[in-house]
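> Below are the structure tokens for one structure; questions will follow.
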Amino acid sequence: MEEQDKEFLEMVVKSIVNHPDDVVVDRTIDERGVLLTLKTNPADMGYVIGRKGQTAQSIRTLLKIIGAKNNSRVNLKIYDPEGDNRQESRSEEKPSNDEKVDTSALDDLNI
């Protein structure tokens, strides 16, 4: 009964990814509740997260329902080993906003 949340997460994720053998779920318990850490093949991250994070959010919602049923708080962390590299490359791609924006048109508004 205790690891029902872990088994549920494994079953759902393994059914939506292309590399189900690479799915690993670590379950830890602390003062804030149960933390499930999901590790998948990097090629499957898009399937787990979904467009605009909708799949991940749906999985989290279902885990919260399972947790509430068992009187526990269940949180999901999706482990992304490439996350740090992607954040760095995104910040390098952004142009700097050193240009001044003309806001004189806003001064005429009576808000």
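> Looking at (1) more than 14 Å from residue 74 (Cβ to Cβ); (2) in contact with an Asp or Glu (Cβ under 6 Å, 6 or more places away or on another chain); (3) polar (S, T, N, Q), which is the only condition residue 37 fails?
(1)
> Could you list, ordered by first residue, the pairs with Cβ atoms under 9 Å in which the first is in the stretch 16-31 and in contact (Cβ under 8 Å) with a residue 24 or more places away in the chain and the second is polar (S, T, N, Q), at least 6 apart or interchain?
Partner pairs satisfying both residue conditions: 16/55; 17/40; 17/41; 18/41; 19/40; 19/41; 27/37.
> Within the stretch 67-86, track down each residue that is outside any helix (DSSP H, G or I), modelled with pLDDT of 80 or more and not β-branched (Val, Ile, Thr).
70, 71, 72, 73, 75, 76, 77, 79, 80
> Do we have residue 29 as surrounded by 15 or more Cβ atoms within 10 Å (Cβ to Cβ) and either touching a helix residue (DSSP H, G or I) at 6+ places or on another chain (Cβ under 6 Å) or not hydroxyl-bearing (Ser, Thr, Tyr) (or both) here?
When the stated conditions are applied, residue 29 does not pass them.
> Do the conditions hold for residue 29, that is, is it of a type in the set (A, V, I, L, M) and either outside any strand (DSSP E or B) or modelled with pLDDT of 95 or more (or both)?
When the stated conditions are applied, residue 29 does not pass them.
> Here is a check on your reading of the model: is residue 17 modelled with pLDDT of 85 or more and not hydroxyl-bearing (Ser, Thr, Tyr)?
yes
The values are calculated or read from the model by the stated rules, or taken from the named source; none is laboratory data. Owing to the predicted nature of the structure, the values given are computational and were not obtained by experimental measurement. Backbone-built Cβ (ideal geometry, glycine too); neighbour counts: all protein chains shown.
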